[in-house]
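What follows is one structure encoded as structure tokens, with my remarks underneath.
The values are calculated or read from the model by the stated rules, or taken from the named source; none is laboratory data. All values reported here derive from a predicted model rather than from experimental measurement. Here Cβ is always computed from backbone atoms with ideal geometry, including for glycine, and neighbour counts include all displayed protein chains. When the accessible area is computed, the model is the full protein with side chains, heavy atoms only, and any ligands, DNA or RNA have been set aside. Shrake-Rupley method; radii C 1.70, N 1.55, O 1.52, S 1.80 Å.
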Amino acid sequence: MKLLRRGDSDNSGKRDVAAEEPSTASEVTSASESESIEQIGKGRPTPKRRDAESRRRGPVAPAPLTAKEARARKKTTRGNKEDRKVAAAERRATASERRARMLAGEDKYLLPRDKGPVRAYVRDIVDARRNLVGLFMPMALVLIMTMFVSPALQSIVTLAMLVMMLFMAVEGYWLGRKINNQVRARFPDTPDGGFKLGWYAFVRASQIRKLRAPKPRVRPGDAV
């Protein structure tokens, strides 16, 4: 009886080992199958983003080796002579239209320093009056030419320019105060003001009237 029990116990142990071995073999098989499936699906490392984008764009042409080759490549890429003339004419027309609208005072085409109703109001105030500082540029040119013609007048020309600059400083200060007061009365909620706005008015007033941009909308003496 003992022998039979021992044999039974030995056989049961063997059956347990035999039962465990198929499960281990199945796990190994499933792992190898998953690895093989992964290798079949991928088979290579994941490419970098820039490499994938470069492949989508296509091959990149090599850099030209000589200046002659560079000129030839540029000539082929920029098209024929007629196409270049048409493109240049379109660019000139677009630029001319933008400049015309800027000179007309359309807010969309103005420079950032000229945009807004406050700056337009300041330009109208300056353009509606005759400013002494507007004579500075032509008078300075006349004085400088006189100095070159007659060196003996150099001291007189220098004194005249100093006096002119003094009058310009006084008028610029007065104009800046006047502009700021009128802007605060017309636009009480605007943050634009102070020295920056006064300087904008002074620069506008010092320019020759025909060369101002945008062009004046009012004539001297008009009410603003």
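What are the residues in region 109-121 that are within 15 Å of Gly193 (Cβ to Cβ) and open to solvent by 60 Å² or more (accessible area, probe 1.4 Å), if any?
Result: Arg113, Pro117.
Within region 148-165, can one find any residue that is under 20 Å from Asp192 (Cβ atoms), assigned to a helix (DSSP H, G or I) and not small (Gly, Ala, Ser)?
No - not one qualifying residue is present in region 148-165.
Can you find a residue in region 170-186 that is out of contact with any helix residue (DSSP H, G or I) (no Cβ under 7 Å at 6 or more places or on another chain) and under 19 Å from Pro220 (Cα atoms)?
yes
Just give me the residues in region 195-224 being under 28 Å from the mean Cα position of the chain (by Cα) and of a type outside the set (A, V, I, L, M), in sequence order.
Phe195, Lys196, Gly198, Trp199, Tyr200, Arg204, Arg212, Pro214, Lys215
Can you find even one residue in region 122-145 that is modelled with pLDDT under 80, outside any helix (DSSP H, G or I) and open to solvent by less than 40 Å² (accessible area, probe 1.4 Å)?
no
Please work out which residue is most open to solvent (accessible area, probe 1.4 Å), limiting yourself to region 95-108 and to residues that are over 21 Å from Gln182 (Cβ atoms) and not aliphatic (A, V, I, L, M).
Filtering region 95-108 for residues that are over 21 Å from Gln182 (Cβ atoms) and not aliphatic (A, V, I, L, M), the one most open to solvent (accessible area, probe 1.4 Å) comes out as Lys108.
Tell me, please, whether a residue that is farther than 19 Å from Lys210 by Cβ, of a type in the set (Phe, Trp, Tyr) and within 25 Å of the chain's Cα centre (by Cα) can be found in region 105-119.
Within region 105-119 (the criterion being farther than 19 Å from Lys210 by Cβ, of a type in the set (Phe, Trp, Tyr) and within 25 Å of the chain's Cα centre (by Cα)), the answer is yes, since at least one residue qualifies.
Just give me the residues in region 96-118 being in contact (Cβ under 8 Å) with a residue 24 or more places away in the chain and either in a helix (DSSP H, G or I) or under 17 Å from Val218 (Cα atoms) (or both), in sequence order.
Met102, Leu103, Ala104, Gly105, Arg113, Asp114, Pro117, Val118
Just to be sure I understand the filter: pairs with C-beta atoms under 7 Å, separated by 6 or more residues or on different chains, first member in region 127-150 and in contact (Cβ under 8 Å) with a residue 24 or more places away in the chain, second member surrounded by 16 or more Cβ atoms within 10 Å (Cβ to Cβ) and of a type in the set (Gly, Ala, Ser). Which pairs pass?
Final answer for the pair search is Asn131/Ala205; Val133/Gly172; Val133/Ala205; Val133/Ser206; Gly134/Ala205; Gly134/Ser206; Phe136/Ser206.
Which residues, taken from region 181-224, are in a helix (DSSP H, G or I), surrounded by fewer than 10 Cβ atoms within 10 Å (Cβ to Cβ) and basic (Lys, Arg)?
Lys210
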